[in-house]
Amino acid sequence: MRTEREQPWRYLAPAALLLGIVTVYPLAHVVWLSLERRSLLDPAPPSFTGLDNYARLAADERFWNALGNTAYFVAVSVSLELVLGLAFALALQRPFRGRAALYGIILLPWAVPTAVSARMWEWMFEPDIGVLNYVLGAQVNWLGSPAWALNAAVLMDVWKSTPFVALLLIAGLQSIPQDLYRAAAVDGASRWTVLRRITLPLLAPMILVALLFRTIDAFRVFDAIYVLTGGGPADSTETLSIYTYKMLFQSLEFGYGSALAVSVFACVALIAGAYVFLLRRILQ
Amino acid sequence: MLSRRRFIATLGAAALAGCGRPARERGATTLVFKHGKLFGDPRALRALIDEFERAHPGVAVREETLPASSDEQHQFYAINLQARSEAFDVLAVDIIWVAGFARAGWLRELGALEPGAFFDGPAEAVTWEGKAYALPWFVDAGLLYYRKDLLEKYGLAPPETWHDLVGVAREVAGRVPGMHGFVWQGKQYEGLVCNALEYLHSNGGAVLADGRVVLDSPQNREALALMTDLVHRYRVTPASVTTATEEPSRHLFGQGRALFLRNWPYAWRAFQDPSSRVHGKVGIAELPRFPDGRSAPTLGGWQLAVNAASLHQEESKALVKFLTGEKAQRRLAVAYGFQPARPALYRDAELLATQPFVGRLARVFAAARPRPVTPQYVRVSQVLQSDFSAAISGLRTPQAALAHAQRRIEAILGAD
Amino acid sequence: MRVLALALLAAYCLAPFLWQVVTSLKPAAELVSLPPLLPSRPSAEHYVAIFAGHPLARIVANSAIVAACTTALALALGALAAYALSMLRVRGRAAVLGVVLAISMFPPIATVSPLFLLLSALGLRDTLAALVLTYCTFSLPLAVWLLASFFDALPRELYVAARVDGCSALGALWRVVLPLAAPGMLAAALLVFIFAWNEFLFALAFTATEASRTLPVGIALFPGLHEVPYGEIAAASVVATLPVVALAFAFQRRIVEGLTAGAVKG
């Protein structure tokens, strides 16, 4: 057994090494870059500036605007996905003929590249010749008005991610013991009571897990908005990832752009920490 | 740390060069010429390059194309030039990049321009601190397209001022149901800056003057106010202009649903297609101006430059001179309908005979104004895009948008 | 009532695709106005154009190569790591899995700039290898996490028995654990493949030419300096979507299993 005790690390090492190179090292490096004044366009060599970039960030209204847009996008899309996903899960949980085919269909929005779906939605959102306005008989300037554009991106995200939430919740529903439902039926409980007293409390951990995945994913949103609007109009759809990308790869400001990147990381870490804390409380 | 990275980069580049390039002919020099996709048959450009090779024995030229998107090309060049890559020798640069690339020391200085050989706009844009860092290749500039048939029907003349345009557009739109007055490019992107500057410049306004930010001026306020009024007050421009890039605006006009269109010369070819609904009904004019200003189309276009890290400086310079020379520009204009950067060619009989439309653009290019020439242009443009977009979508008043942009651009240039 | 709800759900998921298919079949002249909703006559012109006029075949091949290599690499290294975590009794197993989970939540935008500098220094920019390497940031955590949960479901006695029979640790993995966990391996492979096929940000930042462009980026940056060919974009989107549609229908059970296994463990 002695050999066995020594071996596990050898199996872990390749994955750990690779992950170290592509995640841990870059993360440490991005923190370092964020302390530098460094622009690819600047002929002067990079210089260490301490926390200057973070001071600039605190005073940067475009950063706060992007943070606000991101928070709005996350809050609205994730809550809609949860409500719709729960409805779908309840409708789908019992077996029926053709369920496999329907599963295939509801996997589609999730499985298609976001950049590709965004192109499809961009085409449907087109104000003059788009099918959405045609079907609704409306004249909505979906992607062109500051009031609508971010909501249009939310709409696309809800379409794309609700099936994923529904699938997770179905798995959660199936792990609830059927005895509980039978007992409730014997007691003559209404469907609403069953949902409130049995389904939701027992589903709570799975709901939290789904929320965790979706919140973090939505917070990182990039592809959809890059393709749909590029951040406009009037920066009304510029999220943190989009702003960071523009700062890094269009303005070529690697120092300040890295400070933005670190801020995204810090937000995601905070969110994940909060969820894990909640999840622990619930499971205890 | 840095020097080690540079060392590794050099090693990597050497390894790549070894496997990526086809075996060189012995003693021969291979120049790599990077450019965006050209429309039409690539053979016309290749034939020119073959001619250059014959005139320079021992020099071979290989073309490598990049995606058409200007942002993508900017990213590619910046990254590679910054790493002092030797992987390409001659490159085609967008007019707005020259100053930034030149200040960074990435482009070879090409000496003084022959006076009068190129249009003033491109000549200004390729010059940084008194020296040329690229030579103009093609020019582009905003044009006003109008429905000749409708203006004739109602006995109206093409507008000379923006106010004329509003008057004409309202009159015709009132008589033809479903007809938009004037469509242009209002999405938050580089094209919006091109459009908005045409109003500012044609009212005597500017963004920068002698290195100072002069955005928040009475002329600019009046100009931007008129631009936003087109949408919100006069309603000659549909609100959906805030999503429009070149193509959606061209489609609206091409469907016969707009009286006026602001676009680049490329749109002309599409309207000449016999199956187009507006075939034979389209006229072009210089963009309107304010009563006290001059028509000021925004200048676009591509220039050729030499990578400062190229190992073949003299050969590369010769190729740039050759391709931007009169003969080459004439040939490319005839083959592709692209617009030469040399005014003399607009009097050339062969060109006028084969591309009569190009011949009509000389006045437009002579009047064309570059976007602010500053090494920080990309960042300045991001501010302008966002604040112009805010004004056009009604989120900020023109006055507030200009004041806001003024402050933000001052911060960018001040920190520089 | 229920049937109606399910039909609505299916329509909701499918409608955007169907519209894309319709668009891709419309002749160019009919694209710029609505109505008519349906093409007067279906036309294959856009499909011909994308394969004749653009390097789409090359881009599709790039996507396939990157996704396949990413999957192979992630499964190979992921299986080794998961094996150690599930069968070989690693001290600090919970901590290791926690770190893996935390890494899977990294926002890619946070690491894109140093990765970019790293790849440039290695001379790997604009290569397929760069994508396969950086895709490990999400593919490896996913594979480790999923495979560990599938391996955990196997009785450890099997492993012990194999060792007693004289198998080496590696032999036990190869001959006993992997065959039994094949459905789990398939589920993990499908998820990694789909994620790699769809990845956008790294592909956008690290590639510059058609030599290494992948489909999502190719479609997002569809060529045209001024022109935007809607019909061709629609046709290319249909082409990009087909492989994942096929996978989704053929393996929907495995994919759902993979998706939920990842979550249930959390």
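The values are calculated or read from the model by the stated rules, or taken from the named source; none is laboratory data. From a predicted model like this one, the values you see are computed outputs, not experimental measurements. Cβ: placed from backbone, ideal geometry, glycine included. Neighbour counts: every protein chain shown.
Quick check on residue B:101: is it closer than 29 Å to residue A:44 by Cα, assigned to a loop (DSSP other than H, G, I, E, B), in contact with a strand residue (DSSP E or B) (Cβ under 6 Å, 6 or more places away or on another chain) and touching a residue at least 60 places away in the same chain (Cβ under 8 Å)? Don't jump to the end; show me each part of the working.
On the way: closer than 29 Å to residue A:44 by Cα: yes; assigned to a loop (DSSP other than H, G, I, E, B): no; in contact with a strand residue (DSSP E or B) (Cβ under 6 Å, 6 or more places away or on another chain): yes; touching a residue at least 60 places away in the same chain (Cβ under 8 Å): yes.
Spelling it out, it is not the case that residue B:101 is closer than 29 Å to residue A:44 by Cα, assigned to a loop (DSSP other than H, G, I, E, B), in contact with a strand residue (DSSP E or B) (Cβ under 6 Å, 6 or more places away or on another chain) and touching a residue at least 60 places away in the same chain (Cβ under 8 Å).
Before we move on, is residue C:187 assigned to a helix (DSSP H, G or I), touching a residue at least 60 places away in the same chain (Cβ under 8 Å) and in contact with a Leu (Cβ under 7 Å, 6 or more places away or on another chain)?
Details: assigned to a helix (DSSP H, G or I): yes; touching a residue at least 60 places away in the same chain (Cβ under 8 Å): yes; in contact with a Leu (Cβ under 7 Å, 6 or more places away or on another chain): yes.
Yes: the conditions hold for residue C:187.
If we only count helices (runs of 4 or more DSSP H) wholly inside the stretch A:162-248, which ones have 2 or more residues that are out of contact with any strand residue (DSSP E or B) (no Cβ under 7 Å at 6 or more places or on another chain), within 30 Å of residue B:383 (Cα to Cα) and of a type in the set (Phe, Trp, Tyr)?
Values: elements: A:178-186, A:191-194, A:200-219, A:223-228, A:240-245.
Counting at least 2 such residues, we get A:240-245.
Name every residue in the stretch B:340-369 that is in contact with a Leu (Cβ under 8 Å, 6 or more places away or on another chain) and of a type in the set (Ser, Thr, Tyr), in order of residue number.
B:346
Being within 14 Å of chain B (Cβ to nearest Cβ) and among the basic types (Lys, Arg) is the filter here; which residues of the stretch A:197-248 pass it?
Selection gives A:246 alone.
Anything in the stretch A:249-274 that is under 20 Å from the mean Cα position of the chain (by Cα), more than 24 Å from residue B:189 (Cα to Cα) and either small (Gly, Ala, Ser) or facing chain B (nearest Cβ under 10 Å) (or both)? List them, or say none.
Once the filter is applied, which keeps residues that are under 20 Å from the mean Cα position of the chain (by Cα), more than 24 Å from residue B:189 (Cα to Cα) and either small (Gly, Ala, Ser) or facing chain B (nearest Cβ under 10 Å) (or both), the stretch A:249-274 yields A:263, A:266, A:269, A:272, A:273, A:274.
Please count how many residues of the stretch A:130-142 are of a type in the set (A, V, I, L, M) and either within 18 Å of residue C:31 (Cβ to Cβ) or more than 13 Å from chain B (Cβ to nearest Cβ) (or both). Explain how you work it out, then say what you get.
If we filter the stretch A:130-142 for residues that are of a type in the set (A, V, I, L, M), which is where we start, we get A:131-132, A:135-136, A:138, A:140.
With either within 18 Å of residue C:31 (Cβ to Cβ) or more than 13 Å from chain B (Cβ to nearest Cβ) (or both) added as a condition, the list becomes A:131-132, A:135-136.
So the count comes out to 4.
Please go through the stretch A:34-52 and give me each residue that is within 14 Å of chain C (Cβ to nearest Cβ), in contact with a Gly (Cβ under 6 Å, 6 or more places away or on another chain) and not in a loop (DSSP other than H, G, I, E, B), ordered by number.
The answer is A:36, and nothing else.
Of all residues in the stretch C:235-246, count the ones that are over 14 Å from residue A:120 (Cα atoms) and facing chain A (nearest Cβ under 7 Å). Before you say what the answer is, go through the steps one by one.
Residues of the stretch C:235-246 that are over 14 Å from residue A:120 (Cα atoms), as a first pass: C:242-246.
Add one more test, that the residue is facing chain A (nearest Cβ under 7 Å), and what stays is C:244-245.
Of the residues in that region, 2 qualify.
Quick one: which of C:244, C:256, C:192 is over 19 Å from residue C:138 (Cβ atoms) and either modelled with pLDDT under 85 or in a helix (DSSP H, G or I) (or both)? Can you show your working first?
Working: C:244 fails: over 19 Å from residue C:138 (Cβ atoms); C:192 fails: over 19 Å from residue C:138 (Cβ atoms).
Going through C:244, C:256, C:192 in turn, just one is over 19 Å from residue C:138 (Cβ atoms) and either modelled with pLDDT under 85 or in a helix (DSSP H, G or I) (or both): C:256.
Taking the condition surrounded by 23 or more Cβ atoms within 10 Å (Cβ to Cβ), within 14 Å of chain B (Cβ to nearest Cβ) and either on the phi < 0 side of the Ramachandran plot or small (Gly, Ala, Ser) (or both), does residue C:146 pass? Steps first, answer last, please.
Working: surrounded by 23 or more Cβ atoms within 10 Å (Cβ to Cβ): yes; within 14 Å of chain B (Cβ to nearest Cβ): no; either on the phi < 0 side of the Ramachandran plot or small (Gly, Ala, Ser) (or both): yes.
Criteria not met by residue C:146.
Of all residues in the stretch C:27-57, count the ones that are in contact with a Gly (Cβ under 7 Å, 6 or more places away or on another chain) and either among the aromatic types (Phe, Trp, Tyr) or more than 14 Å from chain B (Cβ to nearest Cβ) (or both).
So the answer is 1.
Which members of the stretch B:271-314 meet the condition of being part of a strand (DSSP E or B) and surrounded by fewer than 17 Cβ atoms within 10 Å (Cβ to Cβ)? It would help to see each step written out before you state the result.
Of all residues in the stretch B:271-314, those part of a strand (DSSP E or B) come to B:282-285, B:289, B:298-307.
Answer for the stretch B:271-314, where residues must be part of a strand (DSSP E or B) and surrounded by fewer than 17 Cβ atoms within 10 Å (Cβ to Cβ): just B:283.
For the stretch B:319-342, what are the residues that are part of a helix (DSSP H, G or I), touching a helix residue (DSSP H, G or I) at 6+ places or on another chain (Cβ under 8 Å) and hydrophobic (A, V, I, L, M, F, W, C)?
Step one: filter the stretch B:319-342 for residues part of a helix (DSSP H, G or I), giving B:319-323, B:326-336.
Next cut, touching a helix residue (DSSP H, G or I) at 6+ places or on another chain (Cβ under 8 Å) only: B:319, B:322-323, B:326, B:328-336.
The answer is B:319, B:322, B:323, B:328, B:332, B:333, B:334, B:335.
For the stretch C:17-41, name all the residues that are within 16 Å of residue C:238 (Cα to Cα), in contact with a Pro (Cβ under 8 Å, 6 or more places away or on another chain) and not in a loop (DSSP other than H, G, I, E, B).
Listed by number, the residues that qualify are C:22, C:25.
Look through the stretch C:213-233, keep the residues that are in a loop (DSSP other than H, G, I, E, B), modelled with pLDDT under 85 and not hydrophobic (A, V, I, L, M, F, W, C), and return whichever of them is surrounded by the most Cβ atoms within 10 Å (Cβ to Cβ). Break it down into steps so the answer makes sense when it comes.
Applying the first criterion (in a loop (DSSP other than H, G, I, E, B)) to the stretch C:213-233 yields C:213-214, C:221-229.
Narrowing the set further to residues that are modelled with pLDDT under 85 leaves C:221-229.
Next, only the ones that are not hydrophobic (A, V, I, L, M, F, W, C) stay: C:223-224, C:226-227, C:229.
Working: C:223: 18, C:224: 17, C:226: 18, C:227: 17, C:229: 20.
Residue satisfying both the conditions and the ranking: C:229.
Hey, does the stretch B:6-27 have a residue that's in contact with a helix residue (DSSP H, G or I) (Cβ under 6 Å, 6 or more places away or on another chain) and at pLDDT 80 or above?
Start the filter on the stretch B:6-27 by keeping residues that are in contact with a helix residue (DSSP H, G or I) (Cβ under 6 Å, 6 or more places away or on another chain), which leaves B:8-9.
Keeping just the survivors that are at pLDDT 80 or above gives none.
The answer is no, given that none of the residues of the stretch B:6-27 is in contact with a helix residue (DSSP H, G or I) (Cβ under 6 Å, 6 or more places away or on another chain) and at pLDDT 80 or above.
When the stretch C:159-174 is examined, which residues are found to be charged (D, E, K, R) and under 12 Å from residue C:88 (Cα atoms)?
Here is the first cut: in the stretch C:159-174, the ones charged (D, E, K, R) are C:163, C:165.
The one that is charged (D, E, K, R) and under 12 Å from residue C:88 (Cα atoms): C:163.
Could you check, for the stretch B:50-68, whether at least one of its residues is surrounded by fewer than 16 Cβ atoms within 10 Å (Cβ to Cβ), free of Cβ contacts under 8 Å to residues at least 12 places away in the same chain and either part of a loop (DSSP other than H, G, I, E, B) or within 12 Å of another protein chain (Cβ to nearest Cβ) (or both)?
Yes, the conditions are met somewhere in the stretch B:50-68.
Any residue in the stretch A:109-126 that is under 26 Å from residue A:213 (Cβ atoms), within 14 Å of chain B (Cβ to nearest Cβ) and modelled with pLDDT of 95 or more?
no
A quick yes/no check of all residues on (1) farther than 16 Å from residue A:62 by Cα; (2) within 9 Å of another protein chain (Cβ to nearest Cβ); (3) not in a helix (DSSP H, G or I):
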residue: B:364; (1), (2), (3): yes, no, no
residue: B:382; (1), (2), (3): no, yes, no
residue: B:389; (1), (2), (3): no, yes, no
residue: B:394; (1), (2), (3): yes, yes, yes
residue: B:399; (1), (2), (3): yes, no, no
residue: B:403; (1), (2), (3): no, no, no
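Matching residues to (1) away from chain B (no Cβ under 14 Å); (2) crowded, with 18+ Cβ neighbours inside 10 Å; (3) closer than 19 Å to residue C:35 by Cα:
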residue	(1), (2), (3)
A:87	yes, no, no
A:95	yes, no, no
A:100	yes, no, no
A:107	yes, yes, no
A:128	no, yes, yes
A:156	yes, yes, no
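Kindly provide the set of residues from the stretch A:163-196 that are surrounded by 14 or more Cβ atoms within 10 Å (Cβ to Cβ), away from every other protein chain (no Cβ under 11 Å) and of a type outside the set (A, V, I, L, M, F, W, C), ordered by number.
A:181
Please verify whether residue A:175 is among the hydroxyl-bearing types (Ser, Thr, Tyr), under 30 Å from the mean Cα position of the chain (by Cα) and modelled with pLDDT of 90 or more, treating the condition exactly as stated. Step through it out loud before you land on a result.
Numbers: among the hydroxyl-bearing types (Ser, Thr, Tyr): yes; under 30 Å from the mean Cα position of the chain (by Cα): yes; modelled with pLDDT of 90 or more: no.
So residue A:175 fails the test.
Taking the stretch C:2-26, which residues are loosely packed, with under 13 Cβ neighbours inside 10 Å and either within 10 Å of another protein chain (Cβ to nearest Cβ) or within 31 Å of the chain's Cα centre (by Cα) (or both)? Break it down into steps so the answer makes sense when it comes.
Our first condition is that a residue be loosely packed, with under 13 Cβ neighbours inside 10 Å; within the stretch C:2-26, this holds for C:2-4, C:7-8, C:11, C:18.
Once the filter is applied, which keeps residues that are loosely packed, with under 13 Cβ neighbours inside 10 Å and either within 10 Å of another protein chain (Cβ to nearest Cβ) or within 31 Å of the chain's Cα centre (by Cα) (or both), the stretch C:2-26 yields C:2, C:3, C:7, C:8, C:11, C:18.
Exactly one condition in (1) modelled with pLDDT of 90 or more; (2) buried (at least 20 other Cβ atoms within 10 Å of the Cβ); (3) of a type outside the set (S, T, N, Q) is false for residue A:57; which is it?
Residue A:57 satisfies every listed condition except (2).
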